[in-house]
Every structure is written in C-alpha cells, then in structure tokens.
Amino acid sequence: MNTPDPRPSGLVTSRAHSARVYDYILGGKDHYPVDAEAGEAMRRHWPALPVHMRENRRFMHRAGRYLAEEHGVRQFLDIGTGLPTSPNLHEVVQEVAPDSHVVYVDNDPIVLAHARALLRSTPEGATAYVDADMHDPDAILGSPEFRELIDLDKPVGLMIIGIMHFILPPEDRRLVARLLEPLPSGSYLAMTIGTADFAPEEVGRVAEEYRQQSMPMALRDLATATSFFDGMDLLDPGVTQVHTWRPGPEQEGVEGRDIAMYGAVARKR
C-alpha cells in the first residue's frame, strides 16, 4: 500500500523558495532542508538578516493599519503574501474595520495550503487567496476572487511587500503599473524595496547566495526606489528605511545598518 504524499501538489523541494527561506530565518516550521541550508548561508553572510526581515513585516502591519485607520481603506490586494504568520494583513485591518476585504496572492503550493487553512476572515469581512504570480498581473486582476471581493468604485490598498527585489528590470515598473491601472483614484500603494545602501558588502553576499539558489535579486538605491512612486502622492514621511516609517515602540534600538529595505505609501491621483 502506497502512503499518500502529504506535500501539496506542485511543490518543488529540490531548490530553495523565498517564502520558505523567510519562514526559516524567522523561526518558522514550514520549510525544507534546502531552505534551511540557504537560510543558514545567508545568515552567515549577514547576521542581521532576521532583524531586517522582521522589520519588513512590521512595516506591513503599520502601513495596513494606517490605511485602514487614517484613510478609511476597506479593501486590500496583498501581492506575495508569503506563509501566514500572525498577525496577517487581514487581522491587522479587520481589527480596525471588521468589514474589510483582503485578497492574498502568492504562487507557492505550501503557501496556498496554509493560506486556505489559516487566512480566516471576520464574519463581517472577507478574505480570499489567488494562486498567481506577480509576473502575470492579468491573472490576478482577472481572477474570480479579485472580481468578487474588490469593488473598483472604491479605494484599494495595494500591498507589495518584500517581493520587489525578486522582480528584475525592465519588467518591474510595467508590473507595478499594470496592478495599479484598474484601481480608482484615491487608492494607495504600499511597497518595500530592497537596497544595499546601508550594508553593501553583507547584503551583496546575501544577494549572491539568492542568485546561486536560482533567485536573482535587484537591489535599488534611494533614487530608484523613489521613482516607483512617480506620478503618485507620497505620504509622510516619504521613502525611508522601513523601521523609520511611522515607527512604534518595537522599532526602538533598531540600527539602520541592519535594515536593507526602503518602504513608502503613496496615493494614486
């Protein structure tokens, strides 16, 4: 008698995946040996990597809460969701507004399995998961989940967190523009963008490790990061390292040299 394979169909465990490496470095349990090996190599290159990754996620929490609390956004599109780690975006925004809708997007089978099990909405709100890749924005925008949960007559919070360094030029700007295109005026883009501005040698070695794992990266300076928001109205404090964007008590003591990510929120005109 054959024992069923418990792994999600389509799962590739022979090479590392960014979401599972992220999970390993942050102390999660949803990864495989190849992800742990890659994560350990990266952490040797740059011991601050866990701090950097935590602050990237905390930026998402603050940006989501800010949009829900201060700007009344009630529907969100979260690109590159990653493995569910509480609090997730819907938990943050539904704490402010229980009727909020969140559409999550990722393309890793293990993320899909966990998302379906764990990303549960409040009764008043709704969550959905789209199995798609940012490189195919039409699949995201044309999905039944997006069409059902997102009302394009009302502002949308587009969250692109911790993924842009895996989107290489020249496709990067086209993909962001395509995702923004159908969203109405008054919608918002919250984005984090990887950089080597503050620890170039260490972050460069991490990027090389990702490249060797078939995950090439594009690291961007401040001017390039800022240019993603051209034609939009940047909200204060503009484009900053993620730990300095509207920081809270958790950001006390975080060193700038330990953060390799810019973050910002901008309003679509």
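What you get for the chain, charging only the Cβ of Lys and Arg (+1) and of Asp and Glu (-1), is a dipole of about 60 debye around the Cα centre.
Taking 32, 24, 188 as the candidate residues, the one with maximal mean-square fluctuation in a Gaussian network model of the chain, Cα springs under 10 Å, is 32.
For segment 149-257, rounded, prolate or oblate, judged on the Cα gyration tensor with a ≥ b ≥ c (square roots of eigenvalues), a/c < 1.5 rounded, else prolate if a/b > b/c? Walk me through the numbers on the way to the answer.
Numbers: a/c = 2.16, a/b = 1.34, b/c = 1.61.
Taking the square roots of the gyration eigenvalues as a ≥ b ≥ c, segment 149-257 is oblate.
Considering only 30, 153, 99, the mean-square fluctuation computed in a Gaussian network model of the chain, springs between alpha carbons under 10 angstrom, is largest for 153.
For segment 155-269, DSSP calls about 75 percent of its internal beta bridges antiparallel. Set Lys and Arg Cβ to +1 and Asp and Glu Cβ to -1, take the dipole of segment 171-269 about its Cα centre, and tell me which of 227, 237, 175 lies farthest positive. Of the candidates, 175 comes out farthest on the positive side. Of the options 90, 79, 45, report the single residue whose Cα projects farthest towards the positive end of the charge dipole of segment 44-110 (beta-carbon charges: Lys, Arg +1; Asp, Glu -1). It is 45.
I need the shape label for segment 26-83. Rule: rounded when a/c is under 1.5, else prolate if a/b > b/c, else oblate, with a, b, c from the alpha carbon gyration tensor.
Details: a/c = 4.12, a/b = 2.20, b/c = 1.87.
Taking the square roots of the gyration eigenvalues as a ≥ b ≥ c, segment 26-83 is prolate.
For residue 40 and residue 208, what is the calculated FRET efficiency with R₀ set at 22 Å and r taken between the beta-carbons, to the nearest 0.05?
On the way: r = 15 Å, r/R0 = 0.68.
With R0 = 22 Å, the Cβ-Cβ based efficiency is 0.90.
For the chain, the per residue solvent-accessible surface stands at 45 Å², with DNA, RNA and ligands left out and a 1.4 Å probe.
Summarising the label geometry, the points placed 7 Å from Cα in the beta-carbon direction at residue 233 and residue 177 lie 2.3 nm from one another. Put the Cα centre of segment 103-121 next to the Cα centre of segment 199-269 and the gap is 25 Å. The residue 26 and residue 201 beta-carbon pair, evaluated with R₀ = 22 Å, returns a calculated FRET efficiency of approximately 0.40. Once you order the gyration tensor axes a ≥ b ≥ c over the Cα atoms, which shape class does segment 50-161 get: rounded for a/c under 1.5, otherwise prolate or oblate by comparing a/b with b/c? Judged from the Cα gyration tensor, segment 50-161 comes out rounded (a/c under 1.5).
Between 177, 207, 223, the Gaussian network model of the chain with springs among Cα atoms under 10 angstrom shows the greatest mean-square fluctuation at 223.
The values are calculated or read from the model by the stated rules, or taken from the named source; none is laboratory data. Everything numeric here is computed off the predicted structure, so don't read it as measured data. Cβ coordinates were reconstructed from backbone atoms using ideal geometry, including for glycine residues, and neighbour counts include every protein chain displayed. The area values use the complete protein model at the heavy-atom level, side chains included, leaving out ligands, DNA and RNA. Shrake-Rupley method; radii C 1.70, N 1.55, O 1.52, S 1.80 Å.
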